[in-house]
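Novice: After the structure tokens below, expect a handful of questions from me.
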Amino acid sequence: MRLIIAKDYQDLSRKAANIIAAQVQLKPDCVLGLATGSSPVGTYQELIAKYQSGDLDFSKVTTVNLDEYVGLDKDHDQSYAYFMRTNLFDHVNIDQANCNIPNGMDPDAEKECARYDAVIASVGGADLQLLGLGPNGHIGFNEPAEEFVKNTNKVTLTDSTIEANARFFEKKEDVPTHAYTMGIGAIMTAKRVLLVASGANKAQAVKDCFFGPITPHAPGSILQLHSDFILVADEAALSLVKDQL
Ligand code: GLP
């Protein structure tokens, strides 16, 4: 694991965007694995700025997103498809026909998960996978469990995740209870993994996942085994591991 320490969220966003920008510049037809949530928003803003200043060209980039809520249409304002369009895709010259995300409206979980794994395989996996980190250590929507799940799968969201994501919805009851998520297998086969963690509410998860044992109870901990894993974390997110840096 390579650790890049950022001062704060803005610094973290700039540092993470620089790594993604280098990937796109060095391999213009790369596959980017992308994440949602509040953590990568600043990173996406930095990438948009780089595109606007003429430093980045997304025209040949393909994307595979981590996850989607089951039951939310791609035009629902809390769907991850909508999030990606409004936070990144609509602002850069990416061909949205090459942007992949699980279809939360397919009620046939087995079929949709198999379809999504086939999509990931057909593009050859991600060159760079961007991740956030759930306060309980989840990556994508791979929640703490008894085992790591390899393939795209349908998960029942934990109460703590529903609670954490309720801030984006009018009320907690509106948060979907299930999601389709890329499995740990596809995340681990990405050539490079970049995780951004910001704020004191991520400090325990950062400690558990990256400074403790590898266990499915802290799903992000599996990344310790990845040969090219970069953690970009700000000082608040590292506050519980200060003495180990
Ligand atoms: C959601 C997403 C994850 C994300 C996590 C953390 O549950 N499925 O991909 O990493 O939330 O979100 P945030 O960055 O808003 O704290």
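Novice: Counting only residues that are touching a residue at least 40 places away in the same chain (Cβ under 8 Å), more than 22 Å from D127 (Cα to Cα) and away from the ligand (no atom under 15 Å from the Cβ), which one in the stretch 200-230 is least open to solvent (accessible area, probe 1.4 Å)?
Specialist: Top of the filtered list is P216.
Novice: Please enumerate the residues belonging to the stretch 148-157 that are assigned to a loop (DSSP other than H, G, I, E, B) and near the ligand (Cβ under 10 Å from one of its atoms).
Specialist: In the first step, residues of the stretch 148-157 are kept if they are assigned to a loop (DSSP other than H, G, I, E, B); the result is 148-152, 157.
Selection gives L157 alone.
Novice: Quick one: in the stretch 98-147, which of the residues that are polar (S, T, N, Q) and under 17 Å from H178 (Cβ atoms) is farthest from the ligand (Cβ to nearest atom)?
Specialist: My answer is N103.
Novice: So if I check each of T156, T181, T189, which one is open to solvent by 40 Å² or more (accessible area, probe 1.4 Å), under 24 Å from I20 (Cβ atoms) and among the β-branched types (V, I, T)? Break it down stepwise before answering.
Specialist: On the way: T156 fails: under 24 Å from I20 (Cβ atoms); T181 fails: open to solvent by 40 Å² or more (accessible area, probe 1.4 Å).
Only one candidate qualifies: T189.
Novice: With respect to N165, is the statement that it is out of contact with any Phe, Trp or Tyr (no Cβ under 8 Å at 6 or more places or on another chain) and either assigned to a loop (DSSP other than H, G, I, E, B) or small (G, A, S) (or both) true?
Specialist: Working: out of contact with any Phe, Trp or Tyr (no Cβ under 8 Å at 6 or more places or on another chain): yes; either assigned to a loop (DSSP other than H, G, I, E, B) or small (G, A, S) (or both): no.
So N165 does not fit the description; no.
Novice: Say whether the condition of being open to solvent by less than 60 Å² (accessible area, probe 1.4 Å) and closer than 23 Å to A203 by Cα is met by at least one residue in the stretch 110-125.
Specialist: Scanning the stretch 110-125 turns up no residue that is open to solvent by less than 60 Å² (accessible area, probe 1.4 Å) and closer than 23 Å to A203 by Cα.
Novice: Is there any pair linking a residue in the stretch 1-16 that is under 19 Å from R192 (Cα atoms) and touching a residue at least 40 places away in the same chain (Cβ under 8 Å) to one that is open to solvent by less than 20 Å² (accessible area, probe 1.4 Å) and assigned to a helix (DSSP H, G or I), with Cβ under 7 Å and at least six apart or on different chains, and which?
Specialist: Final answer for the pair search is M1/F210; S13/G42; S13/T43; A16/T43.
Novice: Follow-up. If a residue has to be within 16 Å of the ligand (Cβ to nearest atom) and among the acidic types (D, E) to count, how many in the stretch 12-61 make the cut?
Specialist: Matching residues across the stretch 12-61 total 1.
Novice: For the stretch 139-171, what are the residues that are β-branched (V, I, T) and either under 18 Å from M188 (Cα atoms) or in contact (Cβ under 8 Å) with a residue 40 or more places away in the chain (or both)? Give the steps one after another, and end with the answer.
Specialist: Initially, the stretch 139-171 is screened for residues β-branched (V, I, T), giving 139, 149, 152, 155-156, 158, 161-162.
Once the filter is applied, which keeps residues that are β-branched (V, I, T) and either under 18 Å from M188 (Cα atoms) or in contact (Cβ under 8 Å) with a residue 40 or more places away in the chain (or both), the stretch 139-171 yields I139, V149, T152.
The values are calculated or read from the model by the stated rules, or taken from the named source; none is laboratory data. Everything numeric here is computed off the predicted structure, so don't read it as measured data. Positions of Cβ are backbone-derived with ideal geometry, glycine not excepted, and every protein chain shown enters the neighbour counts. Keep in mind that these areas ignore ligands, DNA and RNA; they rest on the heavy atoms of the full protein, side chains included. Shrake-Rupley method; radii C 1.70, N 1.55, O 1.52, S 1.80 Å.
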